[in-house]
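Report on one structure; see the data block that follows.
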C-alpha cells in the first residue's frame, strides 16, 4: 500500500497539487451540519421507499416524510434520492382482457365517465387483468370504491369465467358488512362490457344484492378509466418488479399483501395524499348521526 505522501507527490507531478497537510485537514474536519442532516434524511428516505414496495417517487416520499413529522424540502428529497439511486415505479401499457358477449343484454352506462362520489358505497368500479406465471396465466379481478379508491374486493383464479368477478364482488360485500358499513340500495357497480360482467349469473347477483349495474362501451378505456388506472398501478407496483411468478398461490399471497398496503398505507393523490382507509374513516367520523338534544349519548 502507498502512503499519503507518495500519493500526493505523484498527483503533484501530474499537475494536481495536493499537499499532505490538505489531505489530513480534510480527513479530520468535522462534518458540516448539511452533511449530517443529509445522512439522517437518507436513512429515512431509504426506509420510506423500502416500506412502500419501492414504488414511491420524490413527491410521495416527500409527502410521507411530512406525515411523519420529518421536515425536508422537496428539492432536497429529490437530490438525496438521486444520490441513493432511488426512483418511483413507472407505468407501462395495459393489455386489454375484455371479450364482448353480444348474446347478453347489457346495462346502460350510469357513470358516463364521471368517476366521482360523495360517499363510500355509492359507486364501485370493477375490472380484471392477467399475470403470466410459470404454471400458466393467473387472472386477478378487483372492485374499487370510487369515493376513497379503496380496493374493497379482489379475487384470483386460473380461469376468467364469471366466478372470478363474482368472487371479487362477494368479497367486497362481505368486507363492507364486516366493517359495519354495508353496501345498500343505490350502489352502482360499473365495469366494461366483458362477458363476465354481462353474464346472467353476475347480473342476477347484482339484482339480489340491490346493486345497480352500469356497463361502459366496448373497447373504450375512458369509460372505465379509474379501473384502468388501478390495474396499471397493480401491474407497475407489484407484478412487473417481482416477476417471474410461479403460479396462483404466490400471486394470491403478494396480492393480499399489496392490497392491505394500498388500502392502509399508500398515499393516493386523488384523495389528498392520504391512504384510502384514512379517507373513509374521516368521512364516517364527520357523518356519524348526532344524539338528539336532551338524550343521553
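The values are calculated or read from the model by the stated rules, or taken from the named source; none is laboratory data. Everything numeric here is computed off the predicted structure, so don't read it as measured data. When we count neighbours, we look across all protein chains shown, and the Cβ atoms used for this are built from the backbone with ideal geometry, even at glycine.
Considering (1) within 28 Å of residue 282 (Cβ to Cβ); (2) in contact (Cβ under 8 Å) with a residue 40 or more places away in the chain; (3) buried (at least 18 other Cβ atoms within 10 Å of the Cβ); (4) touching a helix residue (DSSP H, G or I) at 6+ places or on another chain (Cβ under 8 Å), the lone condition that residue 188 does not fulfil carries the number (4). Restricting attention to the stretch 72-91 and to residues that are assigned to a helix (DSSP H, G or I) and in contact (Cβ under 8 Å) with a residue 12 or more places away in the chain, the residue that is surrounded by the most Cβ atoms within 10 Å (Cβ to Cβ) turns out to be 77. For the stretch 210-244, which residues satisfy the criterion of being over 30 Å from residue 134 (Cβ atoms), modelled with pLDDT under 90 and surrounded by fewer than 18 Cβ atoms within 10 Å (Cβ to Cβ)? Of everything in the stretch 210-244, those that are over 30 Å from residue 134 (Cβ atoms), modelled with pLDDT under 90 and surrounded by fewer than 18 Cβ atoms within 10 Å (Cβ to Cβ) turn out to be 217, 218, 219, 220, 222, 225.
Table: residues versus (1) touching a residue at least 40 places away in the same chain (Cβ under 8 Å); (2) in a helix (DSSP H, G or I).
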residue	(1), (2)
11	no, yes
30	no, no
34	no, yes
38	yes, yes
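Taking the criterion of being in a loop (DSSP other than H, G, I, E, B), free of Cβ contacts under 8 Å to residues at least 12 places away in the same chain and touching a helix residue (DSSP H, G or I) at 6+ places or on another chain (Cβ under 6 Å), would at least one residue in the stretch 51-69 satisfy it? No; the residues of the stretch 51-69 include none that is in a loop (DSSP other than H, G, I, E, B), free of Cβ contacts under 8 Å to residues at least 12 places away in the same chain and touching a helix residue (DSSP H, G or I) at 6+ places or on another chain (Cβ under 6 Å). Of the residues making up the stretch 241-256, those that are over 15 Å from residue 139 (Cα atoms) and assigned to a helix (DSSP H, G or I) are 241, 242.
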